[in-house]
Each structure stands twice: as C-alpha cells, then as structure tokens.
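Single-structure report; data block below.
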Amino acid sequence: MKTHVEVSSSRRVQRRAHFSAPSHIRYRIMSATLSKSLRAKYGVRSLPVRKDDEVVVLRGARKGNKGKVIQVHRKKWAIHIDKLTKNKANGAPYQIPIHPSNVAITKVKEGKDRMARITQVAAGVSARKGKADKKIKTTN
C-alpha cells in the first residue's frame with residue numbers, strides 16, 4: 001500500500017529515481033553495514049562508506065577479503081579496496097569494483113563531522129526504540 005504522497009510505488013519510476021540519483025543522494029544509498037562490534041559501540045546499523053574505512057567483503061567471489069577503501073566511485077556505484085586487484089592481459093593491475101552493500105565496515109575513519117552524524121543518527125534510533133512494540137496490538 002502506498003504510504004507517501006510524493007514517492008511513487010511504480011517499479012519503473014523507482015528504478016529511474018535510483019539510477020539517476022544525484023551525488024548527494026548516492027552518498028546515502030552507498031551505505032554498508034557495520035560489524036557487530038561497531039554496531040554495539042555506536043548504536044547504528046549502517047553508515048555511508050568513506051575513503052579510508054576498513055571493510056571486509058561479505059558476498060561474491062572475493063568473500064572474506066579485508067582492506068582499506070581507497071576510492072568511492074559514486075558514478076559507478078562502486079568502491080575500490082586496496083588489496084583487491086586483478087591483472088590485465090598486459091600484466092598491469094587494476095582495481096576490482098565492489099558494491100558497498102556487499103561489504104561490512106570493520107573500522108570507521110573518525111572525523112569530527114562523521115562522529116557528529118553518528119551521534120545524531122544514534123539518538124534518533126534510541127528515540128524510536130520500543131515504539132514499534134507499542135503499535136502492535138493483540139486481539140486476544
């Protein structure tokens with residue numbers, strides 16, 4: 001059921017909005033889950049991936065590989081991890097693009113602005129905790 005007036009429920013329109021999203025929206029879409037220890041530490045489930053974060057690959061052929069993010073390529077919906085490379089036919093190495101949804105952040109690059117954002121999001125999460133339980137009504 002459609003719940004928001006300004007957002008379409010059409011698959012076609014949703015896909016067009018997703019793939020033609022501007023850079024500041026792609027920043028939020030290109031988020032990755034936090035590791036369980038960071039999730040407990042910050043009280044946040046996921047964060048947008050940023051250069052110099054340390055990540056582990058969770059899905060695909062490169063599953064289990066760890067490394068530092070060296071580039072976030074918003075236009076291509078990909079991140080490049082320092083130890084994930086392949087060799088071309090002439091022997092030159094190139095970075096393998098990985099989608100951020102397939103990685104988990106194991107170490108966050110802590111900047112003043114990023115930590116402020118984490119505390120802001122965590123405050124909202126803690127304010128919403130328990131509200132979903134109150135909405136559920138039993139009919140017994």
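FYI, it's all coordinate maths here, none of it is from the lab. From a predicted model like this one, the values you see are computed outputs, not experimental measurements. Positions of Cβ are backbone-derived with ideal geometry, glycine not excepted, and every protein chain shown enters the neighbour counts.
Taken over region 34-53, the criterion of being surrounded by 17 or more Cβ atoms within 10 Å (Cβ to Cβ) and either free of Cβ contacts under 8 Å to residues at least 12 places away in the same chain or outside any loop (DSSP other than H, G, I, E, B) (or both) is satisfied by Leu34, Leu38, Tyr42, Leu47, Pro48.
Would region 17-25 turn up any residue that is touching a Ser or Thr at 6+ places or on another chain (Cβ under 8 Å), without any contact (Cβ under 8 Å) to a residue 12 or more places away in the chain, farther than 13 Å from His99 by Cβ and not acidic (Asp, Glu)? Checked region 17-25: at least one residue is touching a Ser or Thr at 6+ places or on another chain (Cβ under 8 Å), without any contact (Cβ under 8 Å) to a residue 12 or more places away in the chain, farther than 13 Å from His99 by Cβ and not acidic (Asp, Glu).
Checking each residue in region 65-114 for being of a type in the set (A, V, I, L, M, F, W, C) and either exposed (fewer than 13 other Cβ atoms within 10 Å of the Cβ) or without any contact (Cβ under 8 Å) to a residue 40 or more places away in the chain (or both) picks out Val69, Ile70, Ala78, Ile81, Leu84, Ala89, Ala92, Ile96.
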